[in-house]
Amino acid sequence: MKRFSAGLAAFLLAITLLAAPASAATDPSFLFTATAKDFASYFPGYLANGYFSTMTSPRGTEPNASYMVAFMDYKPGDISRPAAIPGWSEIDYNPGGGWLNRTRLDAGIFQRYAQTLDMHDATLTTPYRFAYANKASDIEVTSFVSQASPHLAAIRMAITPQFDGQVQLSFPIRLWSEHQPRFPIASMGGEEMIAAVIASGQSLDNKPVPTPDRAPVWYPGYTQVSSAEGDAKALTLALKGRAQHGLGMAEAAAIGLPEGLSPDTVKLERTSTRLSLDITATLHKGQRYVFTKYVALSRDGWGDDGDVLALASAARKAGFDRLLADHRAAWHKLWQSDIVIDGKPAVQKAVHSDLYYLLSNTTVGTAWPMGACALTPNYAGHAFWDSDSWVFPALLLLHPERARPIVMFRDRTTGPARARARQYGVQGTMYPWEADPQTGVDVTPHFAWEVYREVHVNADIAIAQWQYYLATGDKAWLKTHAWPVLEGIATFWTSRVTYDKSHDRYEIHHVTSPDEAYNDVPNDSFTNAVARKALEIAVKAARVVGAKADPRWSEIAAKMYIPFDEDEQRHLDFDKSVPHDKITWMGSSLAWLMYPNLDLPMSPQVRRNDFDFQLQALKSHGDDPNEMMMVMLAVGAAELGDGKAAGEWIDRNLVGFLKPPFNVRTETAANNAGYILATSAGFVQSMLYGLTGLRIDDDGLSAKYAPVLPPGWNALTLKDVKFRGRRYDIRVSRDADGKVVLSRQPLRAAGMRHPDPLQEEARP
């Protein structure tokens, strides 16, 4: 492993600085509080810093699952999966009548309970009175995963006993067992998988909260622990492990005791399931005792496993308050870029929770993508078009440095994409529908094998690459990193199209539509439209970097066929030869033609006709739409100038999808496949590119459509937008006559002039 001794030295220097001033009282839109009424329906959120995570839990001290970015289990016969790393968040306490974490959740036992997720500070605080077996202790647990130092996390447990006597405390690192049964999803068909799930006594039926759906399928991978040791005198734990057939990792913990407390006993425990320091101590009534667990983590390609123990020990020396102050300061800096809504508190709170979950899963200076379901095992942690088309645009204007790893991932994995193209008999690069976040290879489950035809992902990737260039103006990056991606994708499309001589046009056959029920159709409109866009982008990029564009790129783009009904003056989903008769969750995918940054040319009337057909198709052929469709409908309504309809679709996106107590988004209202980052990002996009009418195009950050505000909204402000090296506040509000207008305020140093970003040229 690569050493991070320099990073450790920097951390040790940083902790000597004075603590940052305390922040002002947190806005209520950043706060979620669970009460004892939520025990039965508690859907866990998570704490994360993009590099590793832990799930939340009601007591604040449970042995929760934890994951590291792109740390995957590659057991043969299975798809790759996020390997659950040893659980670090657990502290257990026994005042003499029973262990805290093993006692049933009951309002009579956990009294005065109120757990708060503060998204502004990214902390979880859980106070309650633990009253059990005629003994009561006031407990307050605070935990965070450091945004200031990506290898660190800490959990503090303050105990005030209402009695005198000896207590027990346990500070374990939990060693997980391999999940059983483990189905060979890499080779199992759909019916075979369902039968195996049923035979194991499990079900794929929707489950009530808080149990996530699809647990029999999206189970975690496994980290095998190779060494585990501890030092009872130094109060430290350390282990090394390896994901099955994957990368190595290391983890360490250092325990901090209350000042002046000498434990009666300290014992190191090693079993097949836990590595723990177990302490007995004599406590006194009414006195507050603070116990702290400092944790450091690393993996191959990120840091040196030999240093995690030193880093955990250094964190203990710095102290919890110092680490917490640094962590809060880092998050407060992130929140300088924000989306502020005046007049709609429920939407404001949803926007803040969506931004929180997005920012909790981003890295800086890496080439790691985002898994579809964040740092959890859902959808096996794979990278879909979600990263490029949904998450990336939501981050680009507010946090471009956190959007960059997504486009860098595609550059890093051009090799596997070229190999896959050869496998399928095409040229260039053919990125997979599901890519392993570490290797970039195709890891689509066998039961979903037909989605290999969902090749629009290759155009989605190209659009994201070009958007990053347009937003940053970084020609060196375009030449070095994006151009190989764009050239490979354009070459792919030249070999994937079919020329129809009779109509003098290019077609694309045998594709899966974004409405995945249609898995082998000719000329899916969205696919053809984004392919054309990718080819046009390649031509532009070639001009910027001084490369020679294949003349076929322009020819194919100019003659790309996009199905259209002349009589009804609207687009078709695909060729008329395909009956539009399936009951699907989308009904149609015409709303996707209004996708921000696709910018498919069409008249206002055609745009209206497409939108109306989408609504009709949803009603007659589909179920209630999922969140991604609701986002597109909100954006589409805004493009049509209908603020009322846009607001209605935004409001509908708040009902049923946000699971209490911490606003975790699920894919549909009917199931609990949670932590869907695409839907969080989509909701953010409905503000950034929907209501504002803004688009990142060759002319700059353009006001492509007139802005709209739903009824009851006073204003929408995009705070600290970054565009081509400059920063702005952009505001949508009503003028004195009630007209919705867009204004912008440059954020600049005294004496500096900044051009208007809405008109700034980004042309090659």
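The values are calculated or read from the model by the stated rules, or taken from the named source; none is laboratory data. The shown structure was predicted, so the numbers you read here are calculated from the model rather than taken from an experiment. Every residue, glycine among them, receives a Cβ derived from its backbone with ideal geometry; neighbour counts consider all protein chains shown.
Looking only at region 95-128, how many residues end up being over 23 Å from the mean Cα position of the chain (by Cα) and either at pLDDT below 95 or surrounded by fewer than 21 Cβ atoms within 10 Å (Cβ to Cβ) (or both)? Counting residues in region 95-128 that are over 23 Å from the mean Cα position of the chain (by Cα) and either at pLDDT below 95 or surrounded by fewer than 21 Cβ atoms within 10 Å (Cβ to Cβ) (or both) gives 17. Cβ-Cβ distances below 6 Å connect no pair with a first residue in region 596-609 that is under 22 Å from Val684 (Cβ atoms) and of a type in the set (Val, Ile, Thr), a second residue that is modelled with pLDDT under 90 and surrounded by fewer than 18 Cβ atoms within 10 Å (Cβ to Cβ), and a separation of six or more residues or different chains.
Could you list, in sequence order, all residues of region 240-269 that are outside any loop (DSSP other than H, G, I, E, B) and farther than 25 Å from Val290 by Cα? Even if it seems obvious, please write down each step before you answer.
Going through region 240-269, the residues outside any loop (DSSP other than H, G, I, E, B) turn out to be 240-243, 248-256, 265-269.
The answer is Lys240, Gly241, Arg242, Ala243, Gly248, Met249, Ala250.
Can you say whether Ala645 is surrounded by fewer than 23 Cβ atoms within 10 Å (Cβ to Cβ), without any contact (Cβ under 8 Å) to a residue 60 or more places away in the chain and at negative phi, as far as the supplied structure shows? For Ala645, the condition - surrounded by fewer than 23 Cβ atoms within 10 Å (Cβ to Cβ), without any contact (Cβ under 8 Å) to a residue 60 or more places away in the chain and at negative phi - is met.
Looking only at residues in region 547-590 that are over 24 Å from Ser502 (Cα atoms) and small (Gly, Ala, Ser), the one that is nearest to the chain's Cα centre (by Cα) is Ser589.
Just to check your reading of the model, which residue among Ala310, Ala296 is in contact (Cβ under 8 Å) with a residue 24 or more places away in the chain, in a strand (DSSP E or B) and under 22 Å from Asn49 (Cα atoms)?
On the way: Ala310 fails: in a strand (DSSP E or B).
Criteria check complete, one pass: Ala296.
Listed by first and then second residue, the pairs with beta-carbon distance under 9 Å, at least 6 apart or on different chains, first residue in region 208-224 and in contact (Cβ under 8 Å) with a residue 24 or more places away in the chain and outside any loop (DSSP other than H, G, I, E, B), second of a type in the set (Asp, Glu) and crowded, with 20+ Cβ neighbours inside 10 Å, are Gly221/Asp73; Gly221/Asp78; Tyr222/Asp73; Thr223/Asp73. Cβ-Cβ contacts under 9 Å between residues 6 or more apart (or on different chains), taken from a first residue in region 714-727 that is assigned to a loop (DSSP other than H, G, I, E, B) to a second residue that is of a type in the set (A, V, I, L, M), are listed as Asn714/Ile341; Arg724/Leu470; Arg724/Ala471; Arg724/Leu701; Arg724/Ala762. Among the strands (runs of 3 or more DSSP E) confined to region 37-109, there are none with at least 2 residues that are closer than 23 Å to Val308 by Cβ and free of Cβ contacts under 8 Å to residues at least 40 places away in the same chain. State whether one or more residues within region 567-584 are in a loop (DSSP other than H, G, I, E, B), of a type outside the set (Val, Ile, Thr), in contact with a Ser or Thr (Cβ under 8 Å, 6 or more places away or on another chain) and within 16 Å of Met632 (Cα to Cα). The answer is yes; a qualifying residue exists. Taking the criterion of being under 20 Å from Leu397 (Cβ atoms), among the charged types (D, E, K, R) and out of contact with any Asp or Glu (no Cβ under 9 Å at 6 or more places or on another chain), the residues of region 323-348 that qualify are Lys333, Asp342. Candidates in region 594-610 are the residues that are assigned to a loop (DSSP other than H, G, I, E, B) and among the polar types (S, T, N, Q); of these, the one that is farthest from the chain's Cα centre (by Cα) is Ser603.
Scanning region 207-236 for residues being of a type in the set (S, T, N, Q), buried (at least 21 other Cβ atoms within 10 Å of the Cβ) and at pLDDT below 95 gives a total of 0.
If the requirement is being over 27 Å from His332 (Cβ atoms), hydrophobic (A, V, I, L, M, F, W, C) and modelled with pLDDT of 95 or more, which of these qualifies: Ala131, Ala148?
Numbers: Ala148 fails: over 27 Å from His332 (Cβ atoms).
On inspection, the qualifying residue turns out to be Ala131.
Restricting attention to region 591-628 and to residues that are aliphatic (A, V, I, L, M) and within 26 Å of Ile537 (Cα to Cα), the residue that is modelled with the lowest pLDDT turns out to be Met628. Every test in (1) surrounded by 21 or more Cβ atoms within 10 Å (Cβ to Cβ); (2) part of a loop (DSSP other than H, G, I, E, B) is passed by Val141 save one, and that test is (2).
Within region 548-566, being surrounded by fewer than 20 Cβ atoms within 10 Å (Cβ to Cβ) and assigned to a strand (DSSP E or B) holds for Phe564, Asp565. Report whether or not Val485 is within 27 Å of Leu375 (Cα to Cα), part of a helix (DSSP H, G or I) and in contact (Cβ under 8 Å) with a residue 12 or more places away in the chain. Against the criterion (within 27 Å of Leu375 (Cα to Cα), part of a helix (DSSP H, G or I) and in contact (Cβ under 8 Å) with a residue 12 or more places away in the chain), Val485 qualifies. The helices (runs of 4 or more DSSP H) found entirely in region 376-448 that carry 3 or more residues being farther than 23 Å from Ser702 by Cα and of a type outside the set (Gly, Ala, Ser) are 400-412, 414-423. Summed over region 490-507, residues that are surrounded by fewer than 18 Cβ atoms within 10 Å (Cβ to Cβ) and either free of Cβ contacts under 8 Å to residues at least 40 places away in the same chain or among the polar types (S, T, N, Q) (or both) total 5.
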